[in-house]
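Report on the structure given below.
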Amino acid sequence: MRDDPCSPEQTDSRRKKDSRDLMNWLANGRDLWRNAALLKRMDVARGERKMSIAIYDHALHVVGGGQKYAATIAACLQDRFDVTYIVNRPIEIGQLREWYGLDLSRCKVRLVPLPFYGARDWIDAALVTGEMDNPFDAVARVSADYDVFVNANMLDKVRPLSPLSIFVCHFPDVRPRAHFAAHEYTLLVTNSQYGSSWLRRRWDLETSMLLYPPIDAAAPRVEKERFILSVARFEPGGSKKQREMIEAFAALKRALPERTQGWRLILVGGSLDHNPYLERVRELARAHSDFVEVRCNVSEQELRSWYARALLFWHACGMGASEAHLIEHFGMSTAEAMQNGCVPIVFDGGGQREIVEHGLTGFRFRGADELCAWTARLISDEGLRTAVQERAQKSSGRFLRSAFEARARWLFDLILDEYSRPGTADLPKPNEELR
């Protein structure tokens, strides 16, 4: 026999009861979650386990300054905390040691595949639109497994679900777009005044702490040789201007053949496989093979050797660029070159202005003509070259790895205090480090 249908009043009453039951279930779930989270904090406070830190870098499989920045943080924290790298492409810890000379043996690696990107080497966030699900939610879900989540390479679509979080912004490349989440992090860390100013202008956010990159590329002193070194990733879009530097040096050789006799240009940098831009650089270099050499994905030991022997250093990122994100955000390789007694000649823009004081610790240029003019003067004037070299080497001490590590430890000590005893730590306030 079929049941009689409920009256409208009975149906409404049942719906209200179901709604109350659901809300009670959710509330109980939240209470259980809060209790579990509280127990996890208490375990750390009592010293029963180490605070867990996840460091996410979607480009860890590619050699780069941003990757060395995060790896240095991981290396100096791995003994005190439980540190795990979150990656989207396979990478061996031993490979990082070869690239950066850092012991990361106490760090773990957790691979989080992103099916949306298939077999692509480069994880390009610009491919994600507002009309589609956010593929980076997979990383967000994993972040909830850790006490602290560090977004180390400014991927702004990853929501932090850990109790505490840090967004490291080398530069805000674009305005907020679909699935933007950088504003949800506990702290925002920048690596230059230039990046901090654009964080405010482009994202309307204030940096919590300025942490200049670590410079630790000093090599044993050897006799200098007559070549110009440039160290920068071979970006697929050509933003580091390696082709333009080859053309500028070739023009200088043609204009001043006697003065530049015996001088070479060495281009060193990291690259993904199947990089059409790198092939174009190599093709141009082959046309000038008697004085241009390209070295890709070299070891830390080889890189230091190039720094030790070079007399001059070029960095042209930003030359001819109209967009702020295409200008060098800081310039780690410039500071590394200075540390090894190379005289820097760099593009006059971005973070390079925070490193090179024009005429004292190096020279800054706006175009290829100025680049060649300053180079010709330094080639000809050994006294000037030696004086600038000495001042540049001394100035690079501001960016030593030891200073970077001390500040990183200070920051994570505060984070540990905040995690163990919420509300008690004096975490950096926006712009506190810039005043």
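The values are calculated or read from the model by the stated rules, or taken from the named source; none is laboratory data. Given the structure is predicted, the values throughout are model-derived calculations rather than measurements. Positions of Cβ are generated from backbone atoms using ideal geometry, with glycine treated the same way; all protein chains shown enter the neighbour counts. We work out accessible area using only protein heavy atoms, side chains counted, and drop any ligands, DNA or RNA first. Shrake-Rupley method; radii C 1.70, N 1.55, O 1.52, S 1.80 Å.
Within the stretch 362-371, being in a helix (DSSP H, G or I) and surrounded by fewer than 20 Cβ atoms within 10 Å (Cβ to Cβ) holds for Ala368, Asp369, Glu370.
Can Ile379 be described as assigned to a helix (DSSP H, G or I), more than 30 Å from Ala248 (Cα to Cα) and at pLDDT 95 or above? Taking the combined requirement at face value, the residue does not satisfy it. The set of residues from the stretch 315-330 being outside any loop (DSSP other than H, G, I, E, B) and either in contact with a Leu (Cβ under 7 Å, 6 or more places away or on another chain) or surrounded by fewer than 24 Cβ atoms within 10 Å (Cβ to Cβ) (or both) comprises Ala324, His325, Leu326. Take Ala54 and decide whether it is in contact with an Asp or Glu (Cβ under 7 Å, 6 or more places away or on another chain), open to solvent by less than 100 Å² (accessible area, probe 1.4 Å), of a type in the set (A, V, I, L, M) and at pLDDT 95 or above. Considered against the rule, which asks whether it is in contact with an Asp or Glu (Cβ under 7 Å, 6 or more places away or on another chain), open to solvent by less than 100 Å² (accessible area, probe 1.4 Å), of a type in the set (A, V, I, L, M) and at pLDDT 95 or above, Ala54 comes out as no.
Per the listing Ser333, Ser305, the residue uniquely open to solvent by 10 Å² or more (accessible area, probe 1.4 Å), touching a Ser or Thr at 6+ places or on another chain (Cβ under 9 Å) and among the hydroxyl-bearing types (Ser, Thr, Tyr) is Ser333.
Filter the stretch 285-296 down to the residues that are of a type outside the set (Gly, Ala, Ser) and surrounded by fewer than 16 Cβ atoms within 10 Å (Cβ to Cβ), then identify the one that is farthest from Pro344 (Cα to Cα).
First pass over the stretch 285-296, keeping only residues of a type outside the set (Gly, Ala, Ser): 286, 288, 290-296.
After this cut, where a residue has to be surrounded by fewer than 16 Cβ atoms within 10 Å (Cβ to Cβ) as well, the list is 286, 290, 293, 295.
Values: Arg286: 25, Asp290: 23, Glu293: 19, Arg295: 20 Å.
Taking the candidates together, the pick is Arg286.
Here is the figure for the stretch 375-389: residues that are open to solvent by less than 60 Å² (accessible area, probe 1.4 Å) and in contact (Cβ under 8 Å) with a residue 24 or more places away in the chain total 7. Listed by first and then second residue, the pairs with beta-carbon distance under 9 Å, at least 6 apart or on different chains, first residue in the stretch 83-107 and farther than 19 Å from Pro214 by Cα and of a type in the set (S, T, N, Q), second open to solvent by less than 30 Å² (accessible area, probe 1.4 Å) and not in a loop (DSSP other than H, G, I, E, B), are Thr84/Ser52; Thr84/Ile53; Thr84/Ala54; Thr84/Ile55; Asn88/Tyr56; Asn88/Tyr117; Asn88/Ala138; Asn88/Val139.
Residues that are among the aromatic types (Phe, Trp, Tyr) and either over 27 Å from Thr186 (Cα atoms) or not in a loop (DSSP other than H, G, I, E, B) (or both) are absent from the stretch 133-142 altogether.
Taking the condition in contact (Cβ under 8 Å) with a residue 60 or more places away in the chain and open to solvent by less than 10 Å² (accessible area, probe 1.4 Å), does Val158 pass? Outline the logic, then answer.
Values: in contact (Cβ under 8 Å) with a residue 60 or more places away in the chain: yes; open to solvent by less than 10 Å² (accessible area, probe 1.4 Å): yes.
In short, yes.
The set of residues in the stretch 222-237 being crowded, with 17+ Cβ neighbours inside 10 Å and either out of contact with any Leu (no Cβ under 9 Å at 6 or more places or on another chain) or among the β-branched types (Val, Ile, Thr) (or both) consists of Ile228, Val231, Arg233, Glu235.
For the stretch 136-155, state whether one or more residues are farther than 22 Å from Ala74 by Cβ, modelled with pLDDT of 95 or more, surrounded by 14 or more Cβ atoms within 10 Å (Cβ to Cβ) and not basic (Lys, Arg). Taking every residue of the stretch 136-155 in turn, at least one turns out to be farther than 22 Å from Ala74 by Cβ, modelled with pLDDT of 95 or more, surrounded by 14 or more Cβ atoms within 10 Å (Cβ to Cβ) and not basic (Lys, Arg).
Taking residues in the stretch 186-212 that are open to solvent by 30 Å² or more (accessible area, probe 1.4 Å), and partners anywhere that are of a type in the set (Phe, Trp, Tyr), the pairs with Cβ atoms closer than 8 Å and at least 6 places apart or on different chains are Tyr194/Phe171; Tyr194/Phe330; Trp198/Phe171; Tyr212/Phe330; Tyr212/Phe399; Tyr212/Phe404. Here Gly359 fulfils each of the conditions (1) at pLDDT below 95; (2) surrounded by fewer than 18 Cβ atoms within 10 Å (Cβ to Cβ) apart from (1). Looking only at the stretch 110-129, residues that are outside any helix (DSSP H, G or I), without any contact (Cβ under 8 Å) to a residue 40 or more places away in the chain and either of a type in the set (Ser, Thr, Tyr) or exposed (fewer than 14 other Cβ atoms within 10 Å of the Cβ) (or both) come to 6 in all.
What residue, among those in the stretch 336-356 that are in a loop (DSSP other than H, G, I, E, B) and of a type outside the set (A, V, I, L, M, F, W, C), is most open to solvent (accessible area, probe 1.4 Å)? Give the derivation first.
Within the stretch 336-356, the first condition is being in a loop (DSSP other than H, G, I, E, B), and the residues that meet it are 340-342, 348-349, 355-356.
From what's left, of a type outside the set (A, V, I, L, M, F, W, C): 340-341, 348-349.
Values: Asn340: 15, Gly341: 2, Asp348: 31, Gly349: 5 Å².
The selected residue is Asp348.
Being open to solvent by 30 Å² or more (accessible area, probe 1.4 Å) and at pLDDT 95 or above is the filter here, so list the residues in the stretch 65-88 that pass it. If the condition is that a residue be open to solvent by 30 Å² or more (accessible area, probe 1.4 Å) and at pLDDT 95 or above, then Asp79, Arg80, Asp82 are the ones that fit.
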